[in-house]
Amino acid sequence: MSPPGKITEVRPPVADSLAGVSAVSLLVRPNSHAILDQPLPAPSRLLTIFGGAIAIGSIAAAVGAFYITLSVVLPPGILGFFLGTLTVAVVLSIVASFLVFRRLTRRLRAWLAAPGDAVDHEAWFEALNFSVMISLTVGIGALAVSVVVALAAWIFSGSASIALHVVIGGLLAGLLDAIFAWLFTDHQMRELLQAMAARDPLLPVSGPGIISLGLGAKMAIVIVGVSVVGSVVAGTLAFRGAEAAVATGEISGLAFKILAVTVAGLAVSLSGCLLVARHITGPLEELTQMLAELIPERYGNRALPRNSDEAGQLMAAVNQMLGGLEEREFIKDAFGRYVTRQVSEIVLQGGLNLGGELLEVTVLMSDIRDFTPMTESLPPRRLVGLLNRYFTEMVEECVEQGGMIDKFIGDAIMVVFGAPVRVPAEESARRAARAALGMRRRLVALNRQLAMEGLPVLKIGIGVHSGEAIAGNIGAPQRLDYTVIGDSVNVCARIESTCKTLDQDILISEVTRELLGDAAVVSEPYDIQLKGKSQSTRILALLDLHEEEGARARDDAG
């Protein structure tokens, strides 16, 4: 696992329901897999690890030979033959193990020689299985050596007892060899496996092609195996010491010898148990620390599996969980670009009525005046840059006031107040009025910057109307759009288009005016025949909004 602070970014795609909502700003997503600064070792590193495993095997062979020399009385002249045969058999075993090693790491060595951003799954499987396969190879090699030497000793001496003790010594050596070779190679492969997992933390740790040895099996093999070897060796040494003491009549030092061999056996057993315990608890401790320090800003952290046991599978499951949390946080952040945090929380917590509901809302629509001639006079790149600057200012103001950016239609913006977060009608009207006035102020500041840059200044018209509307998801199963529909939306659009006729930048309906109460500073009313309406509609120009600071602060906090 990577230490706290190291992050592998695995950013999910934006949900389809959010993609393409507007051109206000591009949601820049990191690469799907940002590689950690964790270099891969050279292919020669594998040969070094193999050499260490062979050295452990040689030590185990020496232990087996030592046991044999202590457990039996060899006939004159057989010791040299025994050691010579053992040496030749061990050398042949090393050569055979090397050939197996080359075969076991073929894809891994090729990938390490020319690695790419993508991890070769076959190379990953070889790296993940390397410790088990090498330990089995050297363990079986040790057993084969013992069989060969036992047969040679039997033929040379004619003693089945000597051959049996050679086989027993070989079994002890092979068991020790396999256990400590596995512990050694597993520890040495950690760096390589972590570097590979850093490139893709979602690499599989179980399934076809992966040798999965559970934690219980590992503990049983190591603890039982090391204990048996230690007990057999200690018992044999104690028996030979007692036998010699009885034969010579000198038993004064027997207790000390028995104590010494017992302590030696316990030391071997304890060392094996401590090593396997560390092998098991190390990843769990790192994972616990990572989760204990987990905050939304660290959802991009990834555990780096290095085993196929339950600990590795737990890391893989945690990575899946973190991916889901990161996706949710990313969608929340993306959604928050268009709506308030309150709105995104309601949507992501499932509090949104997907079937549609009738709500009292206030709709705000704005449009840039004489935008079509502007498109003909400006190069496309400058026009898009200008439009994005304008949208950024207007959207920020509307979102600050609690509005939901419903849609962009060319240079027009539709904003809804009161959905999906339900608020009293008076409050939604007040927020919309604040947003309209704030858009006016921001446009004045933006136009000063545009004039200094030699760009055309912008004029806008804003229409605000309050009324009932149906809020819900509209569209096809493949793509839904949360929006509001109804007569109030059409009326707002007609009011906005009247701004140019009346030479006003903000017009509100009489309904919205009544909801605002005495706080609204408005012009004399206009009775306008809106398109599609049989009766005239009273509208007013919004000049200002007077509010008590306390009430404004409470509304802003809400």
For this session: Answer yes or no: is there a residue in the range 339-348 that is touching a Pro at 6+ places or on another chain (Cβ under 9 Å), surrounded by 17 or more Cβ atoms within 10 Å (Cβ to Cβ) and at pLDDT 75 or above.
Result: no
Exercise. Taking the range 406-454 on its own, how many of its residues are at pLDDT below 90 and among the hydrophobic types (A, V, I, L, M, F, W, C)?
Worked result: 4
Problem set entry | Test set (1) farther than 28 Å from N473 by Cα; (2) surrounded by fewer than 21 Cβ atoms within 10 Å (Cβ to Cβ); (3) not polar (S, T, N, Q) - E360 fails condition number | (1)
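Here is a yes/no grid of residues against (1) of a type in the set (D, E); (2) at negative phi; (3) touching a helix residue (DSSP H, G or I) at 6+ places or on another chain (Cβ under 7 Å); (4) in the same structural domain as G486 (by TED's automatic domain parsing):
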{"site": "E426", "(1), (2), (3), (4)": "yes, yes, yes, yes"}
{"site": "R441", "(1), (2), (3), (4)": "no, yes, no, yes"}
{"site": "Q449", "(1), (2), (3), (4)": "no, yes, no, yes"}
{"site": "E453", "(1), (2), (3), (4)": "yes, yes, no, yes"}
{"site": "V457", "(1), (2), (3), (4)": "no, yes, yes, yes"}
{"site": "I470", "(1), (2), (3), (4)": "no, yes, no, yes"}
For this session: Could you tell me whether any residue of the range 247-265 is out of contact with any strand residue (DSSP E or B) (no Cβ under 7 Å at 6 or more places or on another chain), modelled with pLDDT of 70 or more and under 24 Å from A144 (Cα atoms)?
Result: no
Problem set entry | Unique match (being farther than 19 Å from A435 by Cβ, assigned by TED's automatic domain parsing to the domain that holds P420 and either touching a residue at least 12 places away in the same chain (Cβ under 8 Å) or part of a helix (DSSP H, G or I) (or both)) among L386, L364, L359 | L386
For this session: Restrict the check to the range 117-130 and report whether at least one residue is surrounded by 17 or more Cβ atoms within 10 Å (Cβ to Cβ), over 15 Å from L46 (Cα atoms) and not charged (D, E, K, R).
Result: yes
Exercise. Which pairs do you get when a residue that is closer than 16 Å to L516 by Cβ and without any contact (Cβ under 8 Å) to a residue 24 or more places away in the chain, found in the range 402-430, comes within reach of a residue that is assigned to a loop (DSSP other than H, G, I, E, B) and not charged (D, E, K, R), reach meaning Cβ atoms under 6 angstrom, with the pair 6+ apart or on two chains?
Worked result: none
Problem set entry | Qualifying positions in the range 153-162 - surrounded by fewer than 20 Cβ atoms within 10 Å (Cβ to Cβ) and among the aliphatic types (A, V, I, L, M) | I155, A160
Exercise. Which of the residues belonging to the range 407-425 are crowded, with 17+ Cβ neighbours inside 10 Å and outside any strand (DSSP E or B)?
Worked result: D411, G418, A419, P420, V421, V423, A425
Problem set entry | the range 367-377, residues that are farther than 30 Å from R422 by Cα and in contact (Cβ under 8 Å) with a residue 60 or more places away in the chain | R369, D370, M374, S377
For this session: From A292, A277, grab the single residue that is modelled with pLDDT of 70 or more and over 22 Å from A198 (Cβ atoms).
Result: A277
For this session: Inspect the range 507-523 for any residue being surrounded by fewer than 16 Cβ atoms within 10 Å (Cβ to Cβ), of a type in the set (V, I, T) and part of a helix (DSSP H, G or I) and give the result as yes or no.
Result: no
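The values are calculated or read from the model by the stated rules, or taken from the named source; none is laboratory data. Keep in mind it's a predicted model, so treat the numbers as computed, not measured. Cβ: placed from backbone, ideal geometry, glycine included. Neighbour counts: every protein chain shown.
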